[in-house]
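The values are calculated or read from the model by the stated rules, or taken from the named source; none is laboratory data. As the structure is a prediction and not an experimental result, all values here were calculated from the model. For neighbour counting, all protein chains shown are included, and Cβ atoms are generated from backbone atoms with ideal geometry for every residue, glycine included. Areas reflect the complete protein model, heavy atoms only, side chains present, ligands, DNA and RNA absent. Shrake-Rupley method; radii C 1.70, N 1.55, O 1.52, S 1.80 Å.
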Amino acid sequence: METGMPVSVRFVGSGDAFGSGGRFQTCIVVDGPRSRFAFDFGASSLIALAQQGIEHNSLDAILLTHLHGDHCGGVPFLLMDAMLSARRDRPLTIAGPRDLQRRMDAIREALFPGSHVMVPTFPLQWIELEPGRPHEILDLVVTSQPARHTQETNPTALRVEVGGRVVAYTGDTEWTDDVAKVARGADLLIAECYFYEKPIKWHLNYPAIAAHRAAFGAKRVILTHMSKEMLAQVGKVPEDCASDGLVVAI
């Protein structure tokens, strides 16, 4: 794996599902030595990318943690624009949890009835990530682990080796031993932190992150996917907190 060049991580969208704080839904763009990919692609992601001057045709891959609209709902809009207006010709890989293509095709058809007749003119590859097994995707090694979130979304957390670094992302989940596997020793752990104090099913709050911070041993932690309650408390936590447009190098 190539090393020596920094890996850039941009929080194109750092918000929760409901736009708390006026933030866009989850879309985290990572630039490695030879490829550009996104962790998740919420429904507002095309708008966020355009606002930040990033062409969606520049993405080589999208890695989805689970099938909630604020994490995957922008994919149909990207595909439709890629076929109708942006005239994409470079290959695109979309990887994610079990039943990925069938579910995303259904979402696209629900949003754009009749779009099932359209066939991309660019190479489009769908990859279902089998949990616990490394997958080579472009110049990445991607490993998913089961997450504890809404069961119908086939939730996972992701660990990506890129450019000699490891970027881990919890997706939406409660804390589990499998999430710890994703996070352990990562150069950067991106962790959802939905609430500061309030416990909420299927999500992480700050006490859960603080309790496990030493155990997972990531070199750097950035919190994201924050509710209004958490956003009001960001000055009280030692970890970095994401904002739309934040760029970090690792």
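One table, with the values for the structure above:
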| item | result |
| --- | --- |
| Peptide ranges 199-208, 235-244 listed from the most packed, as the mean C-beta count within 10 angstrom indicates | 199-208, 235-244 |
| Separation of alpha-carbon centers, the range 182-250 and the range 12-46, rounded to whole Å | 16 |
| Principal-axis tilt of helix 206-216 within the chain, Cα atoms, nearest 10 degrees | 90 |
| Accessible carbon and sulfur surface of the range 99-176 relative to its total accessible area, %, 1.4 Å | 51 |
| Between helix 75-84 and the chain: long-axis angle, C-alpha atoms, 0 to 90°, nearest 10 | 30 |
| Accessible area of the chain divided out per residue, in Å², using a probe of 1.4 angstrom | 42 |
| Efficiency of FRET from Cβ geometry, R87 and A232, R₀ 45 Å, rounded to 0.05 | 0.55 |
| Rg(Cα) / (2.2 N^0.38 Å) computed for the range 77-172, rounded to two decimals | 1.20 |
| Which labelled figure in (i) 163; (ii) 266; (iii) 114 is volume of the Cα convex hull per residue in Å³, once derived from the coordinates | (iii) |
| Pair-distance profile P(r), taking every C-alpha pair of the range 19-97, with 5 angstrom steps and integer % | 3, 16, 29, 28, 17, 6, 1, 0 |
| Antiparallel DSSP beta bridges within the chain, percent to nearest 5 | 55 |
| Positive minus negative residues near A157 (Lys, Arg vs Asp, Glu; Cβ under 12 Å) | -2 |
| With every protein chain in place, the range 13-60: carbon and sulfur % of accessible area (1.4 Å) | 51 |
| Estimated FRET transfer efficiency when R0 is 45 angstrom, pair A215-R98 (beta carbons, to 0.05) | 0.95 |
| Förster-model FRET efficiency, 41 Å R0, S243 and M118, C-beta, rounded to 0.05 | 0.70 |
